[in-house]
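Engineer: One structure is given below, represented as structure tokens, and several questions about it will come after.
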Amino acid sequence: MTEVRLSTLDITELEDLDLKTVTENGQRFYTDTEGTKRYPSVTTVVGLESRKHIKAWRKRIGEEKANRITKSATSRGTTMHQHVEDYLRQEKDFIEFDNLIHEGMFKGIRPVLDEIIPLALEAPMYSDNLKMAGRVDCIGMLDDVLCIIDFKTSSKFKEDYMARPWFLQMTAYALMVEELTGKKIEEIVALVMLENGTFQIFTANHEDYIDDLCAVRLQYKNLYGI
């Protein structure tokens, strides 16, 4: 049964939602302050699709090297996300870099960032319909279109098929925005910052991925009962 909200939020109010994160057995959950909601994170659910590939990759290159690559990628992603958020919020006089590669990545994507009108950044969200929660990078206007925008980093050029998990993730966020605010998301956009100073843009209509998202959500529920 689809739950109907009695009131809606403005997109800018999403940043003020009070959701807490807890990690159990390597899986992330979001809870509200009243304890009435306890939903798995979008990344945890969507990660089911890539679990086998990641396991095979780790086996192929070895655990030590896989851990080193994962740690480096995670650190790079966290740093660049913060730089992008700081730039879009315009609350700092300048962005300070301590890594030339990161500086080059940021300068490469900056012309696109200048075209974004952010409405909410790093906003926690949930869906009573999907029984999921998460934190979106950006909800904003790009080319006069209301978008879910996700910022990614990579050391290598990405092929089109690699955007699928991102699209599933952003589809969940798009549905959350529509459920919580009543506003229609028109496009989902992944901006990938590459270490060579260039960038890639992947776009899609989230409605094309709803069925696939619901399928992986059902798979998660069948596995973990939640």
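Engineer: Please report the antiparallel percentage of DSSP beta bridges with both residues in the chain, rounded to the nearest 5.
Structural biologist: Of the beta bridges lying entirely in the chain, close to 75 percent run antiparallel.
Engineer: Over the alpha-carbon set of the chain, divide Rg by the Kirkwood Rh and report the Rg/Rh ratio to two decimals.
Structural biologist: Value, to two decimals: 0.95.
Engineer: Sticking with this one: Could you give the length gained on full extension between Lys65 and Thr12, defined as 0.36 nm per residue of separation minus the Cα-Cα distance, in nm?
Structural biologist: 14.9 nm is the gain from fully extending Lys65 to Thr12.
Engineer: Given the C-alpha centroids of region 16-38 and region 120-172, what is the distance between them in whole angstrom?
Structural biologist: First find each Cα centre; the distance between them is then 19 Å.
Engineer: In addition: Could you list which residues have their amide H under 5 Å from that of Lys152, counting only those 5 or more apart in sequence or on another chain, with H placed in the peptide plane?
Structural biologist: Leu191, Val192, Met193
Engineer: Calculate one ³J(HN,Hα) per residue across region 167-181 by plugging θ = phi - 60° into the Karplus curve 6.51 cos²θ - 1.76 cosθ + 1.60, and present them in order as whole Hz with x for glycine and proline.
Structural biologist: With coefficients 6.51, -1.76 and 1.60, one gets 5, 4, 4, 6, 4, 4, 5, 4, 5, 5, 4, 5, 5, 7, 10 Hz.
Engineer: List the aspartates and glutamates whose alpha-carbon lies under 19 Å from that of Lys131, not counting same-chain residues fewer than 8 positions away?
Structural biologist: Within reach: Glu3, Asp18, Glu24, Asp32, Glu34, Glu49, Glu178, Glu179, Glu207, Asp211, Asp212.
Engineer: Follow-up. Express the carbon and sulfur contribution to the solvent-accessible surface of the chain as a percent, rounded to the nearest whole number, probe 1.4 angstrom.
Structural biologist: Carbon and sulfur atoms account for 49 percent of the accessible area of the chain.
Engineer: Separate question: What is the P(r) of region 75-185, as percent of Cα-Cα pairs per 10 Å bin from 0?
Structural biologist: With 10 Å bins starting at 0, P(r) equals 12, 42, 35, 10, 0.
Engineer: Taking K and R as +1 and D and E as -1, what net charge do the other residues with C-beta under 12 Å from the C-beta of His81 add up to?
Structural biologist: Result for the neighbourhood of His81: -2.
Engineer: From the phi angles alone, apply the Karplus equation (6.51, -1.76, 1.60; θ = phi - 60°) to region 79-90 and give each ³J(HN,Hα) in whole Hz, x where the residue is Gly or Pro.
Structural biologist: Residue by residue, region 79-90 yields 5, 5, 4, 5, 4, 5, 4, 4, 5, 5, 6, 6 Hz.
Engineer: Over the Cα atoms of region 89-149, compute the convex hull volume and normalise it per residue, giving Å³.
Structural biologist: Convex hull volume per residue, Cα atoms: 118 Å³.
Engineer: Ok, one more. Please work out the FRET efficiency for the pair Ser155 and Phe94, using the Cβ-Cβ distance as r and a Förster radius of 25 Å; give the result to the nearest 0.05.
Structural biologist: 0.45
Engineer: Using the Karplus equation 6.51 cos²θ - 1.76 cosθ + 1.60 (θ = phi - 60°), what ³J(HN,Hα) coupling, rounded to whole Hz, does each residue of region 145-156 give in order, writing x for Gly and Pro?
Structural biologist: Using θ = phi - 60°, the values come out as 10, 6, 10, 8, 10, 10, 9, 10, 10, 7, 8, 9 Hz.
Engineer: Pull out the extension gain between Arg164 and Lys55, defined as 0.36 nm times the separation in residues minus the alpha carbon to alpha carbon distance; nm, one decimal.
Structural biologist: Value of the extension gain: 37.4 nm.
Engineer: Can you compute the FRET efficiency between Glu122 and Asp211 using 1/(1 + (r/R0)^6), with r the Cβ-Cβ distance and R0 = 25 Å? Round to the nearest 0.05.
Structural biologist: Taking R0 as 25 Å, the efficiency between Glu122 and Asp211 is 0.30.
Engineer: By a straight-distance test (C-alpha under 16 Å), which lysines pair with Lys107 as possible cross-link partners, with residues fewer than eight away in the same chain excluded?
Structural biologist: Partners found: Lys152.
Engineer: What does the C-alpha gyration tensor say about the overall shape of region 21-65? Classify as rounded when a/c is under 1.5, otherwise prolate if a/b is larger than b/c, or oblate.
Structural biologist: Judged from the Cα gyration tensor, region 21-65 comes out prolate (a/c at least 1.5, a/b above b/c).
Engineer: Something else now. Return one whole number: the accessible area per residue of the chain in Å², for a 1.4 Å probe.
Structural biologist: Per-residue value: 56 Å².
The values are calculated or read from the model by the stated rules, or taken from the named source; none is laboratory data. Everything quoted here is computed from the prediction, not taken from an experiment. Positions of Cβ are backbone-derived with ideal geometry, glycine not excepted, and every protein chain shown enters the neighbour counts. Surface areas here come from the heavy atoms of the whole protein model, side chains and all, with no ligands, DNA or RNA. Shrake-Rupley method; radii C 1.70, N 1.55, O 1.52, S 1.80 Å.
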